[in-house]
1. Quick one: what pairs do we get from segment 131-143, first residue at pLDDT 90 or above, second among the charged types (D, E, K, R) and part of a loop (DSSP other than H, G, I, E, B), C-beta under 7 Å, 6+ apart or different chains?
2. Can you name the number of the only condition in (1) at pLDDT 95 or above; (2) open to solvent by less than 30 Å² (accessible area, probe 1.4 Å) that ASP68 fails?
3. If the Cβ limit is 6 Å and pairs must be 6+ apart or interchain, which residue in segment 1-24 that is in contact (Cβ under 8 Å) with a residue 12 or more places away in the chain and of a type outside the set (A, V, I, L, M) pairs with which residue that is part of a loop (DSSP other than H, G, I, E, B) and surrounded by 10 or more Cβ atoms within 10 Å (Cβ to Cβ)?
4. In segment 95-112, what count of residues is obtained for those that are free of Cβ contacts under 8 Å to residues at least 24 places away in the same chain and open to solvent by less than 50 Å² (accessible area, probe 1.4 Å)?
5. From TYR81, TYR87, which residue is under 20 Å from THR103 (Cα atoms), touching a strand residue (DSSP E or B) at 6+ places or on another chain (Cβ under 7 Å) and of a type in the set (Ser, Thr, Tyr)?
6. Within segment 158-167, work out how many residues are hydroxyl-bearing (Ser, Thr, Tyr) and either without any contact (Cβ under 8 Å) to a residue 12 or more places away in the chain or under 27 Å from ILE127 (Cβ atoms) (or both).
7. When you scan segment 127-168, how many residues do you find that are open to solvent by 60 Å² or more (accessible area, probe 1.4 Å), among the hydroxyl-bearing types (Ser, Thr, Tyr) and within 24 Å of LEU32 (Cα to Cα)?
8. Quick check on my filter: what residues within segment 28-57 are without any contact (Cβ under 8 Å) to a residue 40 or more places away in the chain, outside any strand (DSSP E or B) and within 16 Å of ILE91 (Cα to Cα)?
Amino acid sequence: NPTVLLQTVTDKKKEGTLKVLKVDEDDQKTPLEGAEYGVYSDEDCQSLVTSDITKSDGTFEMTLKYGDYWLKEITAPAGYYLNDTVYPFTIKDGDDGNPTILTQTVTDKKKEGTLKVLKVDEDDSQIARTGAVFGGYNNAGCKDEHLVDQDTTEPDGSLEMVLKYGDYLLTEITPPAN
């Protein structure tokens, strides 16, 4: 009888690289640290394959087996809204036959808050002061090039500025008449 030799041969599944860069939506030169992203094997983002968190340079990198995936933010960085966009991508051979290296840039919008000001008379806080002009400046100083928002007090002495999370300087630019 002839001898049959059975040999099991396995191939390692090819892998490629996903690089993610997380930046501020309004200033794409500002990298965002602390965003957690999940990579999923289904477009409904229910089957988590792996996850990672952006470093101080706004990046993370991971190696994945060839296949179709979906990238979705799990946790936004502090002071930013969660971006619920799902980014589909495929790890496969590139045009040159080598594994792909995909780079995905993703953005988050900075949260906003409302600054409320009430301008009253110095001697009688019951008297509202209308027409005062206030400027909100970024933390670099009260110069025109650093002005972020400007508003004038209403007849009841109030004004509101909607500002992105951060540190600001508020100053009265023009006092009310009288």
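1. ALA132/LYS119
2. Among (1) at pLDDT 95 or above; (2) open to solvent by less than 30 Å² (accessible area, probe 1.4 Å), ASP68 violates only (2).
3. From residues that are in contact (Cβ under 8 Å) with a residue 12 or more places away in the chain and of a type outside the set (A, V, I, L, M), the pairs are LYS14/TYR66; GLY16/THR100; LYS22/LEU32; LYS22/ALA35; LYS22/THR54; LYS22/GLY58; ASP24/THR30.
4. Within segment 95-112, the subset free of Cβ contacts under 8 Å to residues at least 24 places away in the same chain is 95-98.
Among the residues that remain, those that are also open to solvent by less than 50 Å² (accessible area, probe 1.4 Å) are: 97.
Number satisfying all stated conditions: 1.
5. Values: TYR81 fails: under 20 Å from THR103 (Cα atoms).
Criteria check complete, one pass: TYR87.
6. Residues in segment 158-167 being hydroxyl-bearing (Ser, Thr, Tyr) and either without any contact (Cβ under 8 Å) to a residue 12 or more places away in the chain or under 27 Å from ILE127 (Cβ atoms) (or both): 1 in total.
7. Number of matching residues: 2.
8. Within segment 28-57, SER41, ASP42 qualify.
The values are calculated or read from the model by the stated rules, or taken from the named source; none is laboratory data. Since we're looking at a predicted model, the values are computed, not measured. Counting neighbours? That spans all protein chains shown, and the Cβs are built from the backbone with ideal geometry, glycine included. When the accessible area is computed, the model is the full protein with side chains, heavy atoms only, and any ligands, DNA or RNA have been set aside. Shrake-Rupley method; radii C 1.70, N 1.55, O 1.52, S 1.80 Å.
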